[in-house]
Amino acid sequence: MRFGSVITAAIAGLVVLSAPAAAAEVRKFDQTSFAQAQRQGRPILVDVTAEWCTVCKAQGKQISAITRNPAFNKLLILRLDYDRQKAQRRRLNVPRQSTLIAYRGQKETGRLVAVSERKAIESLLRSAVR
């Protein structure tokens, strides 16, 4: 093996070792996926968001950072569009955009409204994956 090949192989090995852990699965909210995940007993986060909402954007950054932790790799994040999915948000009793709802299967484990602090969001997510 040539020296250049050895270096390339070593760098490739480092890239694999430093690759991020599996993150939570993210999908657009739909009632079928939600019901199926509940029946399976999966941890679920319903993230009620709006494109124009600055708190939603801040929450999204926190959720993305927190769910890099392998403890959350089974978490299903369902993004519900506040402006376009009105019937679904009414079914879930969502008062406004920037609402986060955690479930462990069919049991709601917690809710946050307009909260973007990392500790509070992480605590909510942990309530679903315990």
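The table below gives the values:
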quantity	calculated
Restricting the range 94-108 to residues that are assigned to a strand (DSSP E or B) and more than 15 Å from the chain's Cα centre (by Cα), the residue that is nearest to residue 59 (Cα to Cα)	108
Residues of the range 73-84 satisfying the condition of being closer than 18 Å to residue 57 by Cα and touching a residue at least 24 places away in the same chain (Cβ under 8 Å)	77, 78, 79, 80, 81, 82, 83
Matching residues in the range 42-62 - criterion: being out of contact with any Leu (no Cβ under 8 Å at 6 or more places or on another chain) and assigned to a loop (DSSP other than H, G, I, E, B)	50, 51, 52, 53
Among (1) in contact with a strand residue (DSSP E or B) (Cβ under 8 Å, 6 or more places away or on another chain); (2) in contact (Cβ under 8 Å) with a residue 12 or more places away in the chain, the one test that residue 120 misses	(2)
Complete set of residues in the range 93-110 that are surrounded by fewer than 18 Cβ atoms within 10 Å (Cβ to Cβ) and either among the hydroxyl-bearing types (Ser, Thr, Tyr) or modelled with pLDDT of 95 or more (or both)	93, 96, 104, 105, 106, 107, 108, 110
Lone unmet requirement of (1) modelled with pLDDT of 95 or more; (2) under 15 Å from the mean Cα position of the chain (by Cα) for residue 21	(1)
Residue in the range 111-130 that is surrounded by the most Cβ atoms within 10 Å (Cβ to Cβ), counting only those that are on the phi < 0 side of the Ramachandran plot and not in a helix (DSSP H, G or I)	116
From 54, 67, 32, residue being among the β-branched types (Val, Ile, Thr) and crowded, with 20+ Cβ neighbours inside 10 Å	67
The range 25-41: number of residues that are at negative phi, touching a Lys or Arg at 6+ places or on another chain (Cβ under 8 Å) and not in a helix (DSSP H, G or I)	4
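Residue by residue, here is whether (1) modelled with pLDDT of 95 or more; (2) surrounded by 15 or more Cβ atoms within 10 Å (Cβ to Cβ); (3) of a type in the set (Val, Ile, Thr) holds:
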{"position": "16", "(1), (2), (3)": "no, no, yes"}
{"position": "27", "(1), (2), (3)": "yes, no, no"}
{"position": "36", "(1), (2), (3)": "yes, no, no"}
{"position": "43", "(1), (2), (3)": "yes, yes, no"}
{"position": "48", "(1), (2), (3)": "yes, yes, yes"}
{"position": "81", "(1), (2), (3)": "yes, yes, no"}
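The values are calculated or read from the model by the stated rules, or taken from the named source; none is laboratory data. Predicted model, so just to flag it, every value in this text is computed and none were measured. Please note: Cβ atoms are built from the backbone with ideal geometry, for glycine as well, and neighbour counts cover all protein chains shown.
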